[in-house]
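Have a look at the structure below before the remarks.
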Amino acid sequence: MAAPGLISIMERAARKAAPLLRRDFGEVQHLQVSRKGPADFVSIADKRSEQTIYEILKHARPDWGFLGEETGAIPGDPTKPRWIVDPLDGTSNFLHAIPHFAVSIAVEEPKADGTGEITQALVYQPITDESFWAEKGRGAWLHDSRIRVSSRRNLNEALIATGIPFAGHGNFDQWEAIFRQISPQVAGTRRFGAAALDLAWVAAGRFDAYWESEIYPWDVAAGMLLVREAGGFVTDFRGGDQPIERREFLAATSGLHSKLHRLVATALKNI
């Protein structure tokens, strides 16, 4: 299936940034790094990637807004969509020469009630050249092949992804409580360090579920739509439809989500 027009623009932007990321990744030991917060590194590669992506998206849709990890919010016509961009999801992996990172781009369309809805998504992995994309109502895809969440329904067969709190980020007590409920029930738990790819891998059936809290819209906006269009569910920890607002993300196959949600709910009661 040919990618729709907006997806083609997003992929062009990601692929324009990719050679810069690959070059800097190859010279990561020489990369200049600055701190913007505790254990929250921002590299020249981050900033250069976002600027490259911004210029292409701005040229394609000059009146749209933009929300980027490095740039922040750039207002556009409030009646038009905006781009949500993470130019380098998995920065810590990148800076430690671990080849697991991605570019994440999403389109958020304004709704009449003042909220937004993600309608297009792209997660691109520059090292593996994998392009995961989705459009609302048209399914999720890896290049031109349709992808679906896994068909697993038993927790003891499920491989679960998560994000572990680290210095200055996350709620250790909450994460530990959830981990203690989930881990003994499942086949394995993985922390790979790139939320966008975790969600893309849930959509592609590589992981069966994912949970994390206190992360940002640019980390998950594209991945959320990928999972939903691949037949999965994404909610907050309460089972509601406000994961971005609550900064709580539980993504899983249809056969596993309710089981995992019960475990999460039990964990939260015990904190």
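The values are calculated or read from the model by the stated rules, or taken from the named source; none is laboratory data. Everything numeric here is computed off the predicted structure, so don't read it as measured data. Don't worry about glycine lacking a Cβ; one is built from the backbone with ideal geometry, like all the others, and counts go over all protein chains shown. Protein only, heavy atoms only, side chains kept; ligands, DNA and RNA dropped before computing areas. Shrake-Rupley method; radii C 1.70, N 1.55, O 1.52, S 1.80 Å.
Per-residue counts of other Cβ atoms within 10 Å, averaged by peptide: what ranking do you get for 61-72, 166-177, highest first? Mind dumping the intermediate values first?
Numbers: 61-72: 16.7, 166-177: 13.9.
For the peptides 61-72, 166-177, the packing ranking is 61-72, 166-177.
Can you tell me the orientation of helix 172-182 relative to the chain, as the angle in degrees between its alpha-carbon axis and the longest Cα principal axis, to the nearest 10?
60 degrees
Using only the Cα atoms, what convex hull volume per residue in Å³ does region 155-269 have?
Details: hull volume 10.3 nm³, N = 115.
So the per-residue Cα hull volume is 89 Å³.
Please report, in debye to the nearest 20, how large the charge dipole of region 102-177 is about its Cα centre when each Lys and Arg carries +1 at its beta carbon and each Asp and Glu carries -1 there.
Numbers: 7 positive and 11 negative charges, 71 e Å.
For region 102-177, the charge dipole is close to 340 debye.
If you roll a 1.4 Å probe over the chain with all protein chains in place, what percent of the accessible area is carbon or sulfur? Before the final figure, lay out the partial values.
On the way: 5890 of 11970 Å².
Solvent-exposed carbon and sulfur of the chain make up 49 percent of the total.
Can you give the angle from 0 to 90° between the axis of helix 257-269 and the longest principal axis of the chain, with both taken from C-alpha atoms, to the nearest 10?
On a 0 to 90 degree scale, this one is about 80.
Any chance you could give the angle, 0 to 90 degrees and rounded to 10, that helix 5-26 forms with the longest Cα principal axis of the chain?
90 degrees
Let me check the size of region 57-213 from its C-alpha atoms; what are the radius of gyration and Dmax in Å?
17.2, 50
Take every Cα-Cα distance within region 185-232, group them into 10 Å bins from 0 onward, and report for each bin the whole-number percent of pairs it holds.
27, 58, 15, 0
Report the number of Lys pairs in the chain whose alpha-carbons are under 27 Å apart, with separation of 8 or more residues or on distinct chains.
Number of lysine pairs found: 17.
Kindly report the accessible area of the chain per residue (heavy atoms of protein chains, probe 1.4 Å, no ligands, DNA or RNA), in Å².
Per residue, the chain has an accessible area of 44 Å².
Using C-alpha positions alone, give me the convex hull volume of the chain per residue in cubic angstrom.
Per-residue hull volume (Cα only) is 120 Å³.
Counting only helical runs of four or more DSSP H residues, what would the 222 nm mean residue ellipticity of the chain come to if each run contributes -39,500 (n - 2.57) and the total is spread over all its residues?
Per the formula, -10500 deg cm²/dmol.
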